[in-house]
Amino acid sequence: MLELYQFELSQYSEKVRLILDYKGLEYRKHEVTPGIGQVELFRMTGQRQVPVLKDGSKFIADSTEIAKYLETQYPEQPLIPTEPKQRGLCLMMEEWADESIGVKGRKALFSAVSQDQSFRKSLLPKTTPDLLKNLVGEVPGDFLKILGVGVGYSPEVVASAMRDLQQDLEALCLILADSPYLLGDEPSLADFAVAGLSILLKFPDGAYLDMPETLRGKGVPGLADNPDYEPFFTWRDRLYSQFRKPLTGQAGTGNAPTSIQID
């Protein structure tokens, strides 16, 4: 069985999970604990960042490389068009989504959690002790803003990311106005990249992620609740209902992640 080393709320991990579900491939999830779990991941694979896919004895890192590998090794339910122009548009849009929605979505989410105490507590892993959850929830928003400056998420950077994301969502709404998918009548890697990477802007309504039910359908203020972008999120949720497998809660399956532990 394929194995995916991941963070449950990583948008790049979600991109891969969506592709795996679309292709109908069974897989087991391994939740990598930030920090200590990444040491174990590096020991096994030479990679610290997720997602990493294991297929037999082979490890594939990076969501784009994983998508290309799956397309080659598991060609059923193709992701990338063969017609040259469509293929070029697909690959270009996938790369754009990685660098725009993927990167800027994290900055927008940081802004949201800085402003909302309950939101940032809910985003912590379920295994987080209540004491630590309370400590995180009580951290002043102003302190988080200062911390953000230290990691390159200054208020100006975040505001710029929000403006860019607003333009991105407007453009996506226009593209999807008369088309079921981004490149026409058939889904492609472009659709799954854009849809999966958008989870940090607004979490899906359904039971697709191992997260508190209270967070379903919630997201970044100004994006998730803006009626101008509702057509995009409606499209995204329809794509999920078509292709994403909901959680079943069965241990050891692709739905329920297991944690990496240090031996």
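None of the figures in this text is laboratory data; all of them are computed from the coordinates on show. The structure presented is a predicted model; accordingly, all values stated were derived computationally and were not measured. As a convention, Cβ positions derive from the backbone with ideal geometry for all residues, glycine included, and neighbour counts pool all protein chains shown.
A few points about this structure:
- For a straight C-alpha distance cut-off of 14 angstrom, the aspartates and glutamates reachable from Lys68 (same-chain residues fewer than eight places away being disregarded) are Asp55, Glu76, Glu94, Glu95.
- Neighbour-limited loop hits for GluC sites (Glu not before Pro), region 2-81 (at most 13 other Cβ within 10 Å; DSSP other than H, G, I, E, B): Glu26, Glu76
- Under a 5 Å amide H cut-off, with hydrogens placed 1.01 Å from N, Arg28 pairs with Leu2, Glu3, Leu4 among residues at least 5 apart or on other chains.
- Evaluating 6.51 cos²θ - 1.76 cosθ + 1.60 at θ = phi - 60° for every residue in region 88-95, the Karplus couplings come out as x, 5, 4, 5, 5, 5, 5, 5 Hz, glycine and proline recorded as x.
- Restraint check, Lys15/Lys218; Lys23/Lys107; Lys58/Lys104; Lys29/Lys104, Cα-Cα greater than 23 Å: Lys23/Lys107; Lys58/Lys104; Lys29/Lys104
- Using θ = phi - 60° and Karplus 6.51 cos²θ - 1.76 cosθ + 1.60, couplings along region 216-228 (whole Hz; Gly, Pro as x): 4, x, 9, x, 6, x, x, 10, 5, 9, 8, x, 5
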